[in-house]
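Okay, so here's the structure we're looking at.
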Amino acid sequence: MPGRILGGRYTVQDKIGTGGMATVYRGIDEVLGRTVAIKTMLPQFAADESFAARFKQEAQAAAALQSPYIVSVYDWGKDGDTYYIIMEYLRGIDLKSGIRRHGALDPQKVAQIGSQIAQALTIAHNHDIIHRDIKPQNIMVQQDGNIKVMDFGIARAKNSHITTDNSVLGTAHYVSPEQTRGKELGPTTDIYSLGIVMYEAATGQVPFDGNDAISVAMKQVNEQPLPPSQINPAIDPSLESIILKCMQKDPADRFQTADELNRTLRDYLAGRIRDVNSATAGIALTSTQVAPVVDVSNSTASLQPINRLDTTGDSRPLTATEHAQQEAQRKQRSRKHKTIAGVLAALFALSIIAYMATRMYAAGNATRPVPNLLNFTQEEALKAIDESGYFERGNVREEYSTTVDKGKVMDQDPDPQRQMARGTQINIWVSKGPEPAKSVTVPDLRGLSPSEAEALLEKNKLSGKAGDSVYDDELEPNLVSKQNPVAGASAKEGDVITYQLSKGSESVEVPNVVGSSYDSANSTLTDRGFKVQVEYQDSNDVSDGYVISQSPSDSTSKGATITIVVSTGPKKSDIPWVVGDSESTARSAIENAGFTVNVTYSESYDTESGIVMSQSNSGSANAGSSVTITVSSGPGPYSRSNSSSSGSSSGSSSSSSSDNSSGSSSNGSSSGSGSDSSSDSSSSTDGSYDYDSGDGSSHTDTEYDTYQD
């Protein structure tokens, strides 16, 4: 088949599976350029008209079913002697293999899968199509976690008369009691099978098992299942009651439609499920038990209610008398039907055996049970296939497994004990052991809260563990400070990343450096691990270059910055020049500049009164220092004579000295006489001039200069 083109359009590639009546290949739709699954009928059945009709019916029925949970059928046809169906190609793993590898699933996942299968069955049942072979092998779990129901190969439309014998075509582990007994089938048959699928998904094992199909079929009819919670305690009562209601022996006691089951499962998933009437109230479910073999349609007639209705219609507990009466009735019925039940059981067992034997004989011994190769080594499995002389080797694939030892067969197709035709290829999957963890890059957790760090690690398929907290000068407390391995390092999926939370900055005592010189203070602080920031400030009290203050002064975080204020000495300011200004103006200017003012007054012949004649200092000086100004008080009591007699006196003196008759003094000087005696000045004996002070006295020129000063 590989390389063959069917219908002039579909190129067959490699084989991906073999079923009871068909082989499935991967292929290419050359027209649309997409990958498809190509299902071809096995050659030994292609010539059988009934099988060919059923194959054609499958294609027509499945093509009418449109659901996100049903594998899509694109086309079908016949090429030569080959019947084929073109279907959607699915990537994933069948539910059976998933359960084998991982064991029981989470109850929420079980309910989700059950809901999706129920939705698929709702579509099929609305088209009057009963699948009749619901089992984990026909449920494909895709990579996104959603499922697709496959293989409507034995599905039968209710109005079809092709399989008039109502033959048991499903796998014995999943068939309903009425299917085993050859009764008319309805939608509740698929619901029963779905209940077993959910049971297996929730517990990791089928409810009924045996050495052969006949023994399993007998248990389907006669035995009650062990409650799932006794196998897996994680299953809650609500889900358990849903599963057990699906698996009731009497179809009338099950969910009557797949849609009803779907709605119940959705209510369970949403947390709003109420008690489910599982119709098991009168059956002790503490252990697996054999139910009496009676007419299935009336099998619940002997199950008396545990409560009676009172006059208001409400349920009430039985009284002791009522309970005794019921017990007596039960024993009477038990004795009456005991013999009948035994006979019916024997007859029923014989009928089952005869039926199965007839089926095998009618097939002309054309089928044999597939050997169980699970847990064989690859060599042992292939040798067993060869030694059978009946089956052929199929594909050998390797997959990772956490439950099956490396080198052992973890799965096979067809399943063990399934009746298959001569020449059927057996595909095996060999365990490669646990899958090596993939490499991932460690994310940066610094600065994240613990919940944020855990979420980021989970996203990267890593685990987190909090270590001892550490001091961190840059982060607030309770944020991730350090991690191991560090961010950017390579790790394996599932590795544990240890992170340490910040305790904030470590507090240490700050040494007191106030009054120290800058060099000494800087050295002391840096030696303790602090950073130093310097500010400068004028000070009249602290000498230039010494520390005035520091901040903080008591304690702070290790490595923090300490600010010190260093003195630049007293503040110096420019002294305003006020000579020539009025006293008030000069005083204001000096005081506004930060100085104090001392004022002295002095008479001045040349400077107007109230005007500053001089100041003690100029340039710059320390703020607050004193500046003395000298203010003119105007001219004093002495004034210089502007008379011109000073000139004639000189001449008179000259004439007097020549006129010796006028008189002479003892020192040879002569004084004026006559008209000259009225002059306001005269020559002194030392040659200086006398000045009239205006008070009748006279002063020398030297005395006047001293006064002016």
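Figures for the structure shown
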quantity	calculated
Whichever lysines have a C-alpha closer than 18 Å to that of Lys465, once near sequence neighbours (fewer than 8 apart) are set aside	Lys482, Lys492, Lys503
Most to least packed among 597-604, 629-636, 123-130 [average Cβ atoms within 10 Å]	123-130, 629-636, 597-604
Order of exposure, largest accessible area first, which applies to Leu269, Leu479 with probe 1.4 Å	Leu269, Leu479
Accessible-area ranking of Val31, Val110, Val579, largest first, probe 1.4 Å	Val31, Val579, Val110
Inter-part distance where the stretch 595-633 and the stretch 47-66 are each reduced to a Cα centre, Å	128 Å
Computed accessible area, Arg4, all protein chains, 1.4 angstrom probe, square angstrom	80 Å²
Asn211-Glu535 pseudo-label distance in nm [points 7 Å out on the Cα-to-Cβ vector]	9.8 nm
Under 17 Å from the Ala234 label point (7 Å along Cα→beta-carbon), backbone N, the stretch 105-139	105-114
Ranked order, Trp577, Trp429 - accessible area, probe 1.4 Å, largest first	Trp577, Trp429
Residues whose placed amide H lies under 5 Å from that of Gln419, excluding near-sequence neighbours	Val370
Ordering of 190-199, 139-148, 396-405 by burial proxy (mean other Cβ atoms within 10 Å per residue, highest first)	190-199, 139-148, 396-405
Centre separation in Å (Cα based) which lies between the stretch 550-581 and the stretch 217-259	90 Å
Distance between the stretch 427-499 and the stretch 84-140 - C-alpha centres, whole angstrom	36 Å
Solvent-accessible area, 1.4 Å probe, carbon plus sulfur percent, for the stretch 31-147	47 percent
Equivalent-ellipsoid semi-axes of the stretch 403-459, from the Cα gyration tensor, Å, largest first	47, 12, 9
Reach of Lys78 by Cα under 20 Å, taken over lysines that are not fewer than 8 positions away in the same chain	Lys15, Lys39, Lys56
For Ser633, residues with placed amide H under 5 Å, excluding near neighbours	Ser602, Glu603, Ser604, Gly610
Per-residue HN-Hα couplings for the stretch 614-623 [Karplus 6.51, -1.76, 1.60; θ = phi - 60°; Hz; x = Gly/Pro]	7, 9, 5, 8, 9, x, 10, 7, 4, 4
Kirkwood estimate for the stretch 1-157, i.e. one over the average of 1/r between Cα atoms, Å	16.2 Å
Exposure of Glu379 as accessible area (Å², to 10), given a probe of 1.4 Å and all protein chains	130 Å²
Stretchable slack from Asp544 to Asn126, in nm (0.36 nm times residue separation minus alpha-carbon distance)	140.4 nm
Under-5 Å amide H pairs with Lys482, H placed in peptide plane, nonlocal only	Gln500
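The values are calculated or read from the model by the stated rules, or taken from the named source; none is laboratory data. Since the model is a prediction, treat every value here as computed from it, not as a measurement. Positions of Cβ are generated from backbone atoms using ideal geometry, with glycine treated the same way; all protein chains shown enter the neighbour counts. Accessible surface areas use protein heavy atoms only, side chains included; no ligands, DNA or RNA. Shrake-Rupley method; radii C 1.70, N 1.55, O 1.52, S 1.80 Å.
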